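First comes the structure, then the notes that go with it.
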């Protein structure tokens, strides 16, 4: 048997039972690798229950910095009897399978192309710890100790991380370090030459940080000056608000009294949650809500209200698999159309597409400026993979001198200086954006009625066709203004002949870049465009029109970005070809390259004669 022997380039997969305390142990492993300076990408695949169902935690280690999900596993730690067979079969040929050998493997578990490593985790725990809960928790740390030996990490980096983790509770550190040592020394004694995988300290991480996107978005909201959040719990967006409350509870307090200078209101449902945020925005606060697909459906009525009445509000949408309840703990990019045209009637909402936690921070902060400037809802389109998993990214940049762009807000003094009658929906500057006032700005000027019914330039109710058309056309003009304000796409040219192109967005970015690198290595140069925002700019239209064939890389069944582009750009049928993944797991580079090859081989016109690429397990 030829073993897999690699340094800083492999995938470790943990198979556990949900609620067993494994999450903190597995996360500890990923953080240790990160602190050794090796690029790491952990992915948590967990069920939609609290305890008892299978959960997996994948850690991709790659010194080159390719950190999209790879697919397959080189080393599996299997401690869940429910999935033991599947986990055993999933190990890549030449890989490694570590299991709890307190009990023998069932009959039929036989492979001559992998290395099986037995460690009696339960027995070792029972011998050392008397408390049942402690035994369960320490079993997880014992296999981390074994990995510390098998992967050449050593005891010190892991024990140092444990000490830091329990710095305020040193008594908890002691049993964890003891369990770590038990696993390490058992593996050292019984499995001296068992593993050809190795983690060696590196400087490839540089100054990058390891953080989840939801924390980045929460910090971005704080940085933007958000003081009100209305929310209703829903996976996978709940931790956005939890993180915001945690940060605001530390940094948004009155320095003299210690009182909170923010409001986090848990509503009775999603419609009420966004209603709170819209009401606060109307009153002048910077406000937001966070939700996922089902919440978008329920919030769409009020999104239409905010669009038509022109009230700024920010919505952070952490997408999950739909439709309906779908798979609440699986990732997708399937809310694009629902968000772009949310609500009935002719509506268009500004969308931002972050690709890593740094952009979750930046784009969420920018969303508040855009919402104020455009007086409209702005939706930050994250997803479960980006939001709930840790990712490497550039450090956040915090500028204490940053000034918020509140847009066209008239003060009492400015109202007094007006030479003409003020109207809430008068387009003075001809950019579609009108001047608004905030309650209390002036004792007798600037008041108006906010209504979701048709209104004229002075906010008066009307059913007049001409006034309604003027208002709707002005909103369309404001949409054109928005094109100049949202982030431009990121274009990379690999082939000046511009035969083949591909676009992607959000969390597909890492895998898409890796896939395009692989394709180029095999002789297929594909230019790329990372879309960062909707509305689309001329650069987006130009990229598509200049290429003969454009691949649409997306994580949804219907290729919703392609549909959005086709409608906005009037692209000819067949110009764009879908490259999709919608099984709830993050897309891999191999999925992308295989679909690109399949498409090219099936086209009548031969762009190239690609060599076939071997299939790889994608589950």
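The values are calculated or read from the model by the stated rules, or taken from the named source; none is laboratory data. Just so we're clear, the structure is a prediction, and the values are computed from it rather than from any experiment. No Cβ is skipped: glycine too gets one built from the backbone with ideal geometry, and neighbour counts run over all protein chains shown.
Annotations for the structure displayed:
- For residue 188: the one exception among (1) outside the structural domain of residue 321 (by TED's automatic domain parsing); (2) in contact (Cβ under 8 Å) with a residue 40 or more places away in the chain; (3) closer than 30 Å to residue 142 by Cβ: (2)
- Criterion applied to 573, 578 was being assigned to a loop (DSSP other than H, G, I, E, B) and not assigned by TED's automatic domain parsing to the domain that holds residue 72, and the one residue passing it is 573.
- Restricted to helices (runs of 4 or more DSSP H) entirely inside the range 339-435, those with at least 2 residues that are within 16 Å of the chain's Cα centre (by Cα) are 357-374, 384-388.
- The listed residue being surrounded by fewer than 24 Cβ atoms within 10 Å (Cβ to Cβ) and either touching a residue at least 24 places away in the same chain (Cβ under 8 Å) or not assigned by TED's automatic domain parsing to the domain that holds residue 277 (or both), out of 392, 351: 392
- Among residues of the range 436-459, those that are over 37 Å from the mean Cα position of the chain (by Cα), within 21 Å of residue 477 (Cβ to Cβ) and in a loop (DSSP other than H, G, I, E, B), counted: 6
- All positions within the range 546-562 that are farther than 18 Å from residue 591 by Cα and assigned to a strand (DSSP E or B): 549
- In the set (1) in contact with a helix residue (DSSP H, G or I) (Cβ under 7 Å, 6 or more places away or on another chain); (2) over 18 Å from residue 365 (Cα atoms), residue 282 fails one condition alone, (1).
- Members of the range 13-40 found to be assigned to a strand (DSSP E or B) and under 20 Å from residue 162 (Cα atoms), listed by number: 14, 40
- Test for residue 445: is it free of Cβ contacts under 8 Å to residues at least 60 places away in the same chain, within 17 Å of residue 470 (Cβ to Cβ), out of contact with any strand residue (DSSP E or B) (no Cβ under 7 Å at 6 or more places or on another chain) and surrounded by fewer than 16 Cβ atoms within 10 Å (Cβ to Cβ): no
- Residues within the range 121-136 that are surrounded by 16 or more Cβ atoms within 10 Å (Cβ to Cβ) and free of Cβ contacts under 8 Å to residues at least 24 places away in the same chain, tallied: 2
- Among the candidates 107, 15, 23, the residue that is at pLDDT below 95 and more than 22 Å from residue 213 (Cα to Cα) is uniquely 107.
- Every residue from the range 180-203 that is surrounded by fewer than 21 Cβ atoms within 10 Å (Cβ to Cβ) and either in a strand (DSSP E or B) or within 23 Å of the chain's Cα centre (by Cα) (or both): 198
- Checked against (1) over 22 Å from residue 371 (Cα atoms); (2) touching a strand residue (DSSP E or B) at 6+ places or on another chain (Cβ under 9 Å), residue 168 passes all but condition (2).
- Of residues in the range 64-89 being over 22 Å from the mean Cα position of the chain (by Cα) and assigned to a loop (DSSP other than H, G, I, E, B), the one nearest to residue 195 (Cα to Cα): 79
- All conditions but one from (1) within 28 Å of residue 332 (Cα to Cα); (2) assigned by TED's automatic domain parsing to the domain that holds residue 387; (3) surrounded by 19 or more Cβ atoms within 10 Å (Cβ to Cβ) apply to residue 248; the one that does not is (1).
For every residue, the table says whether it meets (1) buried (at least 20 other Cβ atoms within 10 Å of the Cβ); (2) farther than 24 Å from residue 157 by Cα.
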| residue | (1), (2) |
| --- | --- |
| 31 | no, no |
| 51 | no, yes |
| 55 | yes, yes |
| 63 | no, no |
| 86 | no, yes |
| 89 | no, yes |
| 102 | no, yes |
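- Boolean, residue 536 is modelled with pLDDT of 95 or more, within 29 Å of residue 57 (Cα to Cα) and part of a loop (DSSP other than H, G, I, E, B): no
- For the range 259-271, the criterion of being crowded, with 23+ Cβ neighbours inside 10 Å, modelled with pLDDT of 95 or more and either touching a helix residue (DSSP H, G or I) at 6+ places or on another chain (Cβ under 8 Å) or within 23 Å of residue 508 (Cα to Cα) (or both) is met by at least one residue.
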